[in-house]
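Remarks on the structure that follows.
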Amino acid sequence: MEPTLLPDPPNKMIARTSDEPTLAKMRGLIFGFSITRSIAAAAELGIADLLAGGSRTAAELASACGVLERPLYRMLRALAGEGVFVENNDGRFALTPLAELLRADHPGSIRDWAIYLADLPYRSSFEMLHSLRTGESAFRKVFGASVFEYVAAHAEYTPKVFRAMSSISAARIAGLLEAYDFSDITNLVDVGGAHGAMTAAIAKRYPRVRCTCFDLSSAEQGALKTFRDHEVSDRCDFVGGDVFEDFAAGADAYLLSAVLHDWSDERCLQILRNCRGRVADKGRLLIIDIVLSDGKNMPDTYRNFLDLAMLTQTDGGMERTESEFRELLEAAGFGLNRVIPMKAPQCVIEALPQLGVSRAAGSN
């Protein structure tokens, strides 16, 4: 049987004449999926921890991890080519600054974040075209529920998600404490404060501030343990509830950390109007979130692709520009006072009540 000869693709000549750096970069980008999975596999195997004491061969690492030597070598060689690990002349692998971040004991470790991203978010990203065509959650199409509903119904994911969120919140908390002065606040409500890590850190740094962590009742025991561990139980409370319905009133400052990016504009307005109904006229609202540039084509891989993750993972969530935050805040009865950069991907957005908008109107 004669083989079928296919015509040359129309872009064949372009591919032949493209400059090699451009072609090499595109090839590398296309294999981003394999880089993601390889980093996560190395994190799950604890390769960086095994190399903390010095370089080791692939055979030694494979024996310690319970995997096959040759396949492991091939993965480590590929990651070394990306600067994650290094292969020495003697064939032994060692840590690099990138690999250090995969150590469980590194103060800036993102090991658990890498493991989580390569699981549920990675799998749901297969349906990105669904999100592009409909604006709807790819996660919901793949798993039949929102990410919050799915994790709540599958207890095996709870510790993985908790560790992942904790691994990235440490930098956010440190950045906030360095960027913002809470010394003139006496009563703070951390809205959507989960297990109270940020609440406790603020109370620990500012002994005069009384803090309330507000979140779903399922987070209460974790928050109370956090308060005990940080020795701030005498100044920190937990109140259970729903941010879309009602939350504690009477504080002079309200904090929303990494909350608004989970939700659509309509849902964000519900939260912000609830805040406006609780914030006194001389109070303030602090939002800790990514702030995208209002400029066009700004190269910011982490922020831009986190925005795409919000597209596929949530029901309408997104990262927003300063202008978009300003519009949301004004619609809820706040004025954007200032945006303070942090040594973290997020910024502090300080909003003040617009005195021409009544607190009752804000709570509608």
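Expressed as an acute angle from 0 to 90° and rounded to the nearest 10, what is the orientation of the C-alpha long axis of helix 220-229 relative to the principal long axis of the chain?
90
So, for region 140-259, what is the accessible surface per residue at a probe of 1.4 Å, expressed in square angstrom?
Numbers: 5620 Å² over 120 residues.
Counting only protein heavy atoms, the per-residue value for region 140-259 is 47 Å².
At a Cα cut-off below 16 Å, give the aspartates and glutamates reachable from Lys204, other chains included and same-chain residues fewer than 8 away excluded.
Answer for Lys204, where 16 Å is the Cα cut-off: Glu178, Asp181, Asp184, Asp190, Asp229, Glu231, Asp234, Asp237, listed by chain and number.
Determine the share of the chain's accessible area contributed by carbon and sulfur atoms, expressed in whole percent, with a 1.4 angstrom probe.
Details: 10610 of 19190 Å².
That fraction is 55 percent.
Sum up the charges of everything whose Cβ sits under 11 Å from the Cβ of Asp300, counting Lys and Arg as +1 and Asp and Glu as -1, but leave Asp300 out. List each step's numbers first, then the result.
On the way: positive: Arg303; negative: Asp307, Glu319.
Local charge sum for Asp300: -1.
Work out how far the C-alpha atoms of the chain reach from end to end along every principal axis, then list the three figures in whole Å, largest first.
Rounded to whole Å, the extents work out to 80, 52, 37 Å.
Gap in Å between the Cα centre of region 26-71 and the Cα centre of region 261-289?
43
Kindly report the accessible area of region 31-112 per residue (heavy atoms of protein chains, probe 1.4 Å, no ligands, DNA or RNA), in Å². Please report the intermediate quantities before stating the final value.
On the way: 4260 Å² over 82 residues.
Heavy-atom accessible area per residue stands at 52 Å².
Sum up the charges of everything whose Cβ sits under 13 Å from the Cβ of Thr186, counting Lys and Arg as +1 and Asp and Glu as -1, but leave Thr186 out.
Working: positive: Arg208, Arg210, Arg235, Lys282, Arg284; negative: Asp184, Asp252.
Computed value for this residue: +3.
Compute the label zone of Ser218 within region 163-177: residues whose backbone N is under 19 Å from the point 7 Å along Cα-to-Cβ.
Those under the cut-off are 163-167.
For the Cα atoms of the chain, what angle does the longest principal axis make with the long axis of helix 69-81, in degrees from 0 to 90, nearest 10?
The two axes meet at around 70 degrees.
Could you list log10 I(q)/I(0) for region 68-109 at q = 0.28 Å⁻¹, which the Debye formula gives when each Cα is one point scatterer?
Values, matching the q order: -0.96.
Looking only at GluC sites (Glu not before Pro) in DSSP loops with at most 16 other Cβ atoms within 10 Å, what is the longest site-free stretch of the chain?
Working: sites that count: Glu82, Glu136, Glu231, Glu245.
The answer is 246-364.
Antiparallel DSSP bridges in the chain: what percent, to the nearest 5? If you can, show how the numbers build up before the last one.
On the way: 16 of 37 bridges.
Percent antiparallel among DSSP bridges in the chain is about 45.
Per Stokes-Einstein, at 25 °C and 0.890 mPa s, what whole-number D in µm² s⁻¹ belongs to region 293-342, with the Kirkwood radius over Cα pairs as the hydrodynamic radius? Before the final figure, lay out each step's value.
On the way: Rh = 12.4 Å.
For the chosen part, D equals 198 µm²/s.
For a quick check, take a GNM of the chain with Cα springs below 10 Å and name the residue from Ala344, Ala94, Ala59 with the largest mean-square fluctuation.
Of the options given, Ala59 has the highest mean-square fluctuation.
Going out from 0 in 5 Å bins, what whole percent of all Cα-Cα distances in region 22-69 drops into each bin?
Taking all Cα pairs of region 22-69, the binned fractions are 4, 20, 21, 18, 12, 12, 10, 2 percent.
With r as the distance between the Cβ atoms of Gln270 and Glu44 and R0 = 25 Å, compute the FRET efficiency 1/(1 + (r/R0)^6) and round to 0.05. Present the calculation step by step, with values, prior to reporting the outcome.
Details: r = 38 Å, r/R0 = 1.52.
With a Förster radius of 25 Å, E is 0.05.
Using label points projected 7 Å from each Cα along Cα→Cβ, tell me how many nm separate Phe126 and Cys65, to one decimal.
2.3
Suppose we look only past 19 Å in the calculated P(r) of region 28-163. What percent of the Cα-Cα pairs does that tail hold?
Working: 5105 of 9180 pairs.
Cα-Cα pairs of region 28-163 separated by over 19 Å account for 56 percent.
Under 5 Å between amide H atoms, partner at least 5 residues away or on a different chain: which partners does Phe334 have, H built in plane at 1.01 Å?
Under 5 Å from the amide H of Phe334 lie the amide H atoms of Gln354, each far enough along the sequence or on another chain.
Between the helical axis of 20-30 and the dominant principal axis of the chain, each derived from Cα atoms, what acute angle in degrees is found, rounded to the nearest 10?
Here the helix axis deviates by roughly 60 degrees.
In Å and on Cα atoms, what radius of gyration and Dmax does region 231-304 show?
Over region 231-304's Cα set, Rg and Dmax evaluate to 15.5, 49 Å.
Starting from the exponent 0.38 and prefactor 2.2 Å, build the expected Rg for region 107-266 from its residue count and divide its actual Cα Rg by it.
1.13
The values are calculated or read from the model by the stated rules, or taken from the named source; none is laboratory data. None of these values were measured; they are calculated from a predicted model. Positions of Cβ are generated from backbone atoms using ideal geometry, with glycine treated the same way; all protein chains shown enter the neighbour counts. Ligands, DNA and RNA are stripped out before the accessible areas are found, and what is left, the full protein with its side chains, is counted by its heavy atoms. Shrake-Rupley method; radii C 1.70, N 1.55, O 1.52, S 1.80 Å.
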